[in-house]
1. Can you give the extra length, in nm with one decimal, that the chain gains between Y118 and H190 once fully stretched, where that is 0.36 nm per residue apart less the Cα-Cα distance?
2. Angle, helix 141-152 long axis vs. longest principal axis of the chain, Cα atoms, 0 to 90°, nearest 10?
3. How about the range 1-94: which chymotrypsin sites (Phe, Trp or Tyr not before Pro) there are in a DSSP loop, with at most 16 other Cβ atoms within 10 Å of their Cβ?
4. Radius of gyration and Dmax for the chain's Cα atoms, expressed in Å?
5. How charged is the neighbourhood of T27? Take every other residue with its Cβ under 12 Å from the Cβ of T27, and add Lys/Arg as +1 and Asp/Glu as -1.
6. Whole angstrom only: what separates the Cα centroid of the range 11-53 from the Cα centroid of the range 171-212?
7. Mind checking the per residue accessible area of the chain for me, 1.4 Å probe, whole number of Å²?
8. Have a look at the DSSP beta bridges in the chain and tell me what percent are antiparallel, nearest 5.
Amino acid sequence: MQYAPNVTVVDHPLVQHKLSVLRDVRTGPKEFRELVSELAMLMAYEATREFQLAESTVMTPICETTTKVLAGKKVAIVPILRAGLGMVDGILSLIPAAKIGHIGLYRDPETLQPVEYYCKLPEDIGERDIMIVDPMLATGGSAAAAIEFLRARGAKSVRLLSIIAAPEGIAAVTKADPDVRVYVCAVDSHLNDHGYIVPGLGDAGDRLFGTL
Ligand code: PRP
Ligand code: URA
């Protein structure tokens with residue numbers, strides 16, 4: 001489902017079912033991690049829909065035939081630490097040759113502004129199809145900062161995969177960078193006074209790593 005230009009809501013029934021279990025306050029860290037990973041894989045399936053193909057030939061046990069193989073750029077997965085880490089393995093199960101970059105950001109609890117504490121990216125990041133991953137797109141400050149880092153290092157093709165977004169986050173990111181393509185499983189109602197997505201799922205990092 002197209003929510004706005006460059007924003008796709010992945011509303012497949014399997015995705016929506018898994019998202020319901022993910023939101024549930026009774027879901028513990030083990031199941032939460034598994035669901036985040038599975039959702040990331042399903043989102044990546046949708047986010048790679050426009051990857052380029054080239055013709056190839058293959059010999060089947062019966063005869064030679066013309067087929068298609070991936071022909072576009074190589075992929076980089078860039079989790080925003082910490083919670084983005086939970087989405088990496090699911091995407092790697094589809095794209096095992098992807099390189100991984102890491103951007104460490106946390107939200108200052110008072111100002112809600114992103115604070116950078118780590119950045120390590122593949123050298124050829126500018127030549128890759130980049131998937132930034134972070135389960136939560138709240139004010140959009142963290143994602144916008146990550147996109148800005150990557151653009152400053154030459155990134156041309158950037159996708160953002162976030163499981164749950166607030167309308168405020170989508171607006172902020174698409175305003176800051178109109179070329180980024182955004183994939184989410186749900187756009188929730190609003191942000192509360194502490195910058196949490198409502199209804200959301202609470203603090204994604206704490207639920208993933210059991211630090212509640
Ligand atoms: C969460 C989340 C995003 C960010 C979203 O991380 O994983 O990175 O908040 O909020 P924003 O859109 O308003 O920037 P947090 O800062 O809690 O750090 P953590 O992943 O280390 O828990
Ligand atoms: N970060 C989270 O982990 N959850 C939210 O709802 C907002 C930001």
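1. In short, 23.0 nm is gained.
2. In the chain, helix 141-152 runs at an angle near 40 degrees to the longest axis.
3. F51
4. Rg and Dmax of the chain, Cα atoms, are 17.5, 66 Å.
5. Neighbour charge sum, excluding T27 itself: +3.
6. 15 Å
7. Value for the chain: 52 Å² per residue.
8. Here the antiparallel bridges make up roughly 40 percent for the chain.
The values are calculated or read from the model by the stated rules, or taken from the named source; none is laboratory data. As the structure is a prediction and not an experimental result, all values here were calculated from the model. A quick note on method: Cβ atoms are made from the backbone with ideal geometry, for glycine too, and the neighbour counts reach across all protein chains shown. Calculation scope for accessible area: heavy atoms of the full protein, side chains included, ligands and nucleic acids excluded. Shrake-Rupley method; radii C 1.70, N 1.55, O 1.52, S 1.80 Å.
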